[in-house]
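Q: I'd like to ask you about the structure that follows.
What follows draws every value from the coordinates through simple rules; no lab data is involved. What you see is a predicted model, and the numbers here were worked out from it, not measured in a lab. Methodologically, a virtual Cβ is constructed for each residue, glycine included, from the backbone with ideal geometry; neighbour enumeration extends over all protein chains shown.
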Amino acid sequence: MSFALLYPYALLLLLLIPCFIWCRKKSKIVYFPKEEWLPKGSFLWDNILLVSMVIYALLVLSLASPFIYKSQSTSHKKGRDLVLVLDTSGSMAERGFSSSDGSQSKYEISVSLAKSFIEHRYDDNVGLVVFGTFAFTASPLTYDLKALNEMFDLMSSVGIAGTSTAIGDALIQGLDTLKVGKAKSKVLVLLTDGVHNAGDNSPHQAVLLAKEQGVKIYTIGIGKKEDYDVKLLTKVAQETKAKSFFCKDSDELKEVYEEIDKLEPSPIRSEEYLQREMLFLYPLLLAMALLLVLIFKDEEMA
């Protein structure tokens, strides 16, 4: 349990307390030049002064808004390790995948929706693998989603990894990227619009390795179904206890990412949470009670 003030600078008003004493002395000089002439009951003036100063101090404290709180640090992320495996082969340059904007390529739309997908995954350790003829890790696992988004922007051209489609190598590279992660839940999201036709590793090898490591592989085929291997993508997902999706346009791809987001939800952002209880009412009520005391004394003196 800790104590703090919401507006600590309000305590600077306490510096005005000496004015109570200074003003009292001035008034005595003006109205009571000979204090010894005062009756013995004049001790009430001292009580009034003290109570007035306490009331003022309590009001200032109330203004500073004191509170107590319990802090719960969640410094250890509780999300999952997630790597997006994105196809950048030559066929991803094709346009017409969006019904609303025919000028955008499949690659541009895929990048835009992938960025939207990771935007609120605050507690996940996210990485990016791109592939074509070969595969490479464009971004290692990171909690810095802003930096990851910038990496997406740097990869603005189709064919950055060659024009063929090495799905096996892409999955192996994704699994290698996941190795450094410490999360219990590990996920690959593979997006492609083509068939496996390049690379040194087969998708079957990658699936066996994924099963050994306990990694789920969600697969997404985009475009016309005859252009990609539906059977292969379905098998990869099923054998790793995940799910496969097939999208003919950008609207369906957006829905797929929304479903994956529900299937693999990201926990709440890790930060220090506060259980706060405000206390300003207590000094305020005490000040009001003392003010009533002053009022009664004033009536008695009258």
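Q: Taking H as built 1.01 Å from N, whose amide H comes closer than 5 Å to the amide H of SER139, not counting residues under 5 places away?
A: LEU128
Q: Once you've got the Cα coordinates, tell me which of LYS179/LYS211; LYS186/LYS211; LYS115/LYS216; LYS182/LYS216 are over 22 Å apart.
A: Checking Cα-Cα distances, every pair stays at or under 22 Å.
Q: What list of ³J(HN,Hα) couplings, whole Hz, do you get for segment 242-249 from phi and the Karplus terms 6.51, -1.76, 1.60, once you set θ to phi - 60° and write x for glycine and proline?
A: 10, 9, 10, 9, 9, 10, 8, 8
Q: Skipping prolines and chain starts, which residues have an amide H placed within reach, meaning under 5 Å, of the one on GLY162, given they are 5 or more residues away or on another chain?
A: THR133
Q: Between ASN47 and ASP251, what is the label-point separation in nm under the 7 Å Cα-to-beta-carbon projection?
A: So the label points at ASP251 and ASN47 sit 8.2 nm apart.
Q: ³J(HN,Hα) across segment 50-63 via Karplus (A = 6.51, B = -1.76, C = 1.60, θ = phi - 60°), whole Hz, x for Gly/Pro?
A: Whole-Hz 3J(HN,Hα) from phi for segment 50-63: 4, 5, 4, 5, 5, 4, 4, 4, 5, 5, 5, 4, 5, 5.
Q: Express as a percent, rounded to the nearest 5, the fraction of DSSP beta bridges in segment 81-263 (both residues included) that run antiparallel. Write down the numbers at each step before the final one.
A: Working: 6 of 31 bridges.
Of the beta bridges lying entirely in segment 81-263, close to 20 percent run antiparallel.
Q: State the extension gain, in nm to one decimal, for the chain segment bounded by CYS19 and MET278, taking 0.36 nm per residue of separation less the distance between their alpha-carbons. Intermediate results must be reported in sequence, preceding the final value.
A: Working: separation 259, 0.36 × 259 = 93.24 nm, distance 2.97 nm.
Between CYS19 and MET278, full extension yields 90.3 nm more.
Q: A further question on this structure: Tell me, in nm to one decimal, what length is gained between LEU263 and LYS225 on full extension, where the rule is 0.36 nm per residue of separation less the Cα-Cα distance?
A: Details: separation 38, 0.36 × 38 = 13.68 nm, distance 2.37 nm.
Stretched fully, the LEU263-LYS225 segment lengthens by 11.3 nm.
Q: Could you give each residue of segment 182-187 its phi-based ³J(HN,Hα) in whole Hz, using Karplus coefficients 6.51, -1.76, 1.60 with θ = phi - 60°, and x for Gly or Pro?
A: Those phi angles translate into 10, 5, 6, 9, 10, 9 Hz.
Q: Indicate the gyration tensor shape class of segment 81-263 (rounded, prolate or oblate), computed on the Cα atoms with a ≥ b ≥ c the square roots of the eigenvalues: a/c under 1.5 is rounded; otherwise a/b larger than b/c is prolate and the rest oblate.
A: Details: a/c = 1.36, a/b = 1.14, b/c = 1.19.
Since a/c stays below 1.5, the shape of segment 81-263 is classed as rounded.
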